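Encoded as structure tokens, the structure appears first; notes follow it.
The values are calculated or read from the model by the stated rules, or taken from the named source; none is laboratory data. Keep in mind the model is a prediction, meaning the values are calculated, not measured. Positions of Cβ are generated from backbone atoms using ideal geometry, with glycine treated the same way; all protein chains shown enter the neighbour counts. In case anyone asks, the SASA skips ligands and DNA or RNA and just uses the protein heavy atoms, side chains included. Shrake-Rupley method; radii C 1.70, N 1.55, O 1.52, S 1.80 Å.
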Amino acid sequence: ALYKHSILIGDLSGRAANIIGANEALARAGGYYHEAGKINGKNYIEAGLKLADDYSFPEDLKSILRQHNIKHDKPTSIESAIVMISDNVASTIEYIEKSGEGKFTSDKVIDNIFRMRMDKGTFDDSGLSVKDFKLLKEFYQNEYKS
């Protein structure tokens, strides 16, 4: 399940980055490795950063591992923000589908995720422009058309 999730997040993140002209390869790699630490420990972010050090990951990729989770550091790059959004959108929609809660459309879920992240200032330091934000929201809504 972790492998399948990581492939999904890498693919989504790479394609989302391409839409706004961000670093597609970095976003894709960040998506692939964003939860790699789960294979080694309870604190998967710290375990993932240790793996990243052990295998000499570049600093910008390590930043994504550190910044993709809303409970950890805020994103300081567009690619970190994209991986965070991809993970948040995919996980939330998957959870809702599994729970059988059919009252929420994917458009509404994505709209709420984007609004909440904007209201909380999650992406203030990421470099995402308002135009990027709108394009990304449209991208995810098209990906998850009900």
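For the structure I just gave you, tell me whether Met84 is modelled with pLDDT of 95 or more and either part of a helix (DSSP H, G or I) or basic (Lys, Arg) (or both).
Numbers: modelled with pLDDT of 95 or more: yes; either part of a helix (DSSP H, G or I) or basic (Lys, Arg) (or both): yes.
Considered against the rule, which asks whether it is modelled with pLDDT of 95 or more and either part of a helix (DSSP H, G or I) or basic (Lys, Arg) (or both), Met84 comes out as yes.
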>> Return the residues of region 1-34 that are in contact (Cβ under 8 Å) with a residue 40 or more places away in the chain and charged (D, E, K, R); say none if nothing qualifies.
In response: Arg15
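If you check Asp87 against the conditions, is it under 13 Å from the mean Cα position of the chain (by Cα), surrounded by 14 or more Cβ atoms within 10 Å (Cβ to Cβ) and among the acidic types (Asp, Glu)?
yes
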>> Just checking, does region 71-79 include any residue being of a type in the set (S, T, N, Q) and under 26 Å from Arg115 (Cβ atoms)?
In response: yes
> Which of (1) over 16 Å from the mean Cα position of the chain (by Cα); (2) open to solvent by 50 Å² or more (accessible area, probe 1.4 Å); (3) not charged (D, E, K, R) is the odd one out, the single condition Ser106 does not satisfy?
Replying inline: (2)
>> Being open to solvent by less than 20 Å² (accessible area, probe 1.4 Å), of a type outside the set (Ser, Thr, Tyr) and in contact with a Ser or Thr (Cβ under 7 Å, 6 or more places away or on another chain) is true for just one of Ile45, Ile64, Ile78. Which residue is that?
In response: Ile64
>> Considering only residues that are part of a loop (DSSP other than H, G, I, E, B), out of contact with any Leu (no Cβ under 8 Å at 6 or more places or on another chain) and either among the polar types (S, T, N, Q) or surrounded by 15 or more Cβ atoms within 10 Å (Cβ to Cβ) (or both), which ones fall in region 109-134?
In response: Thr122, Phe123, Asp125, Ser126, Gly127, Ser129
> Looking at region 7-74, what helices (runs of 4 or more DSSP H) fall wholly within it and have at least 1 residues that are over 21 Å from Asp132 (Cβ atoms) and of a type in the set (Val, Ile, Thr)?
Replying inline: 44-54
> If we scan region 42-59, do we find a residue that is at pLDDT 95 or above and under 12 Å from the mean Cα position of the chain (by Cα)?
Replying inline: no
> Mind checking which residues of region 10-33 are under 16 Å from Lys62 (Cα atoms) and open to solvent by less than 60 Å² (accessible area, probe 1.4 Å)?
Replying inline: Gly10, Ser13, Leu26, Ala27, Arg28, Ala29, Gly30, Gly31
